[in-house]
């Protein structure tokens, strides 16, 4: 059986594949931990210690500190786990979508509503 050709990436898009899953394992594990209130509290009390507890890379720690969702995606972050991280700061998936498209949140929401038709 012939394998399917890998599609060309969309410019500006980070593909979350096996390599990215390995790269982002510690980051995604940390973000998953935010399902528990005591872990959210621990992170907010001592962010550096919390990141160290999960063994984040320097790239990941810098992106966490900068609250840079796009850099977190490039550092192996899975959008579904990152939603737990941005939720700590009152953000949601629409905020992330706005960052990804370079739009304001209001413009991004309007674009979503217009696409619903």
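The values are calculated or read from the model by the stated rules, or taken from the named source; none is laboratory data. As the structure is a prediction and not an experimental result, all values here were calculated from the model. Please note: Cβ atoms are built from the backbone with ideal geometry, for glycine as well, and neighbour counts cover all protein chains shown.
A few notes on this one:
- Region 1-19 residues that are at positive phi and assigned to a loop (DSSP other than H, G, I, E, B), paired with ones that are surrounded by 10 or more Cβ atoms within 10 Å (Cβ to Cβ) and modelled with pLDDT of 70 or more (beta carbon under 9 Å, 6 or more apart): 12/100
- Subset of region 26-78 (residues that are touching a residue at least 40 places away in the same chain (Cβ under 8 Å) and more than 17 Å from the chain's Cα centre (by Cα)): 44
- Residue match in region 46-66 (condition: buried (at least 18 other Cβ atoms within 10 Å of the Cβ) and modelled with pLDDT under 95): no
- Qualifying residue in region 89-107 (condition: at negative phi, buried (at least 16 other Cβ atoms within 10 Å of the Cβ), assigned to a helix (DSSP H, G or I) and at pLDDT 90 or above): no
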